[in-house]
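Read the structure below first, then the notes.
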């Protein structure tokens, strides 16, 4: 299953890649693949902006505007003017299951 | 003295899934069962359907499965009880350690997103449990979805432990170990099967149904309001079709759309929900006819309002999926919210016109 095309904010600078393979190890959507000892983005539209690759890329080759892809959270954020938040752990009707 | 104290401690607080304790350089730790009791199953059902999950937790710290040695693997997990249960069930027959982080009884992925399943908590928990004296190696296996919150390089720098991100699903752990701690592509990709989606629908239906009495009261009030007062017969006869369609549109958005997700055209959740919503209203009014409605004003209002409601509810499911990202949801809302407000506004006007005509004012 794929979500909307051309919306992800994932950016990858392949010159900075050292081929450690962490991004392939952590990406739950198989966005990356190792080819010739370097990571390549095989399908950007698969990216769900979770941020796991950015968190674990030691070499700054990756960036993404990550956050919860949850309508309730984003509406919350719009109303309160804060960052989108599910209210996990705070309220009973958070969207985390 | 030490032994007596340990015994007392165990007697007082030993959880039902513990099989006693083993002594380690970091003190006595619980040896845990890899089987589920009836209470564990019941806990899962309650967590899947209600707010019960918010406080369903285990004590953070170190646990033993089987008879782990100093060289046994260490699996790190969240202190949400259902997560912990899912992990221990898959470790049957193995001799390993489990390190439970304090994630405030939230599952790994959500907790990692929040940072509670995170670098700092892991570093602190390793120190608090004196893990470096319990095991002689320096390896940790984390659930892959924890990677959102854990910076493996920082953990290694601060503790010496090298983090491997294991399979997404605990059920792949035995195969992962057999393969020499190697993941296949399947083990590191998250799927979203029809069963996965169905399991999540109670938590979509629940909040929607909680609001339904208010919607119902509003509908009955609109139809029952007459120049001579509030008439029950009018409220019921006129309002019933709308009540049923309202219920149907909630089911369309919170149940049918999530379950049929990949089979409904378009990638947008708002569009998916709207299509299922229109289809449900159309089928209900024209084929199955649990309700009949002839007035063109009411028909227009119904077709405007209810598919929009289904669409809005379907959009909420983006919070539960495994593949939707924030930028996409923001784009959907940017287009969707003005349309929802417009649809609600126009259908309210139509209802007012209907009432004015009904009261014979024009």
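State, as an integer percentage, the relative contact order of segment B:199-329 based on alpha-carbon contacts under 8 Å between residues 6 or more apart. Show your work: numbers first, answer last.
On the way: 152 pairs, mean separation 35.0, N = 131.
Normalised by residue count, the contact order of segment B:199-329 is 27 percent.
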Practice problem: Once you've got the GNM for chain B with C-alpha springs shorter than 10 Å, pick whichever of B:244, B:255, B:87 has the biggest mean-square fluctuation. | Solution: B:244
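Quantify how strongly other chains surround peptide B:163-171 by giving the mean number of their Cβ atoms within 10 Å of each of its Cβ atoms. Let's see the in-between values first.
Values: counts 3, 1, 6, 1, 0, 1, 0, 0, 0.
Across B:163-171, the average partner-chain Cβ count within 10 Å equals 1.
How high is the FRET efficiency from residue B:300 to residue B:192, r the C-beta distance, R0 30 Å, rounded to 0.05?
Numbers: r = 36 Å, r/R0 = 1.21.
The formula returns an efficiency of 0.25 here.
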Quiz item: Per residue, how much space in cubic angstrom lies within the convex hull of the C-alpha atoms of the protein assembly as shown?
Solution: 173 Å³
Exercise. Report relative contact order for chain B in percent, whole number only (criteria: Cα-Cα under 8 Å, sequence separation at least 6).
Key: 10 percent
Exercise. Take peptide B:109-116, look around each residue's Cβ out to 10 angstrom, count Cβ atoms belonging to other protein chains, and average those counts.
Key: 5
Quiz prompt | Helix axis angle, B:326-358 relative to chain B longest principal axis, alpha carbon, degrees | solution = 30 degrees
Quiz prompt | Average other protein chain Cβ within 10 Å of Cβ, residues B:327-340 | solution = 5
Quiz item: So what is the 222 nm mean residue ellipticity for chain B from helices alone, if each DSSP H run of at least 4 adds -39500 (n - 2.57) and you divide by all residues, rounding to the nearest 500 deg cm²/dmol?
Solution: -16500 deg cm²/dmol
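Multiply the residue gap between residue B:209 and residue B:14 by 0.36 nm, knock off their C-alpha separation, and tell me the result in nm, one decimal place.
Working: separation 195, 0.36 × 195 = 70.20 nm, distance 3.86 nm.
Gain on extension, residue B:209 to residue B:14, equals 66.3 nm.
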Exercise. Using 0.36 nm per residue of separation minus the Cα-Cα distance, give me the extension gain between residue B:359 and residue B:233 in nm, one decimal.
Key: 43.8 nm
Quiz item: Given the options B:206, B:79, B:286, which has the most mean-square fluctuation in a GNM of chain B, springs set between C-alpha atoms less than 10 angstrom apart?
Solution: B:286
Quiz item: Any idea what angle helix B:296-316 forms with the longest principal axis of chain B, computed on alpha-carbon atoms, 0 to 90 degrees, nearest 10?
Solution: 10 degrees
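Quick one: pull the percentage of alpha-carbon pairs in segment B:32-147 with a separation above 19 Å.
On the way: 2983 of 6670 pairs.
That tail contains 45 percent of the Cα-Cα pairs.
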Exercise. Along Cα→Cβ, 7 Å out, is where each label goes; now give me the distance between the ones at residue B:344 and residue B:124 in nm to one decimal.
Key: 4.1 nm
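Given a Förster radius of 56 Å and the C-beta distance between residue B:221 and residue B:260 as r, what FRET efficiency does 1/(1 + (r/R0)^6) yield to the nearest 0.05?
Values: r = 34 Å, r/R0 = 0.61.
For residue B:221 and residue B:260, the calculated efficiency is 0.95.
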Exercise. Report the full-extension gain for the segment residue B:94 to residue B:162: residue separation times 0.36 nm, less the Cα-Cα distance, to one decimal in nm.
Key: 22.4 nm
Quiz item: In degrees from 0 to 90, rounded to the nearest 10, what is the angle of the helix B:38-49 Cα long axis to the longest principal axis of chain B?
Solution: 40 degrees
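Bear in mind these aren't lab numbers, they're just calculated from the coordinates by the rules spelled out. Remember, predicted model here, so these are calculated numbers, not experimental data. Cβ: placed from backbone, ideal geometry, glycine included. Neighbour counts: every protein chain shown.
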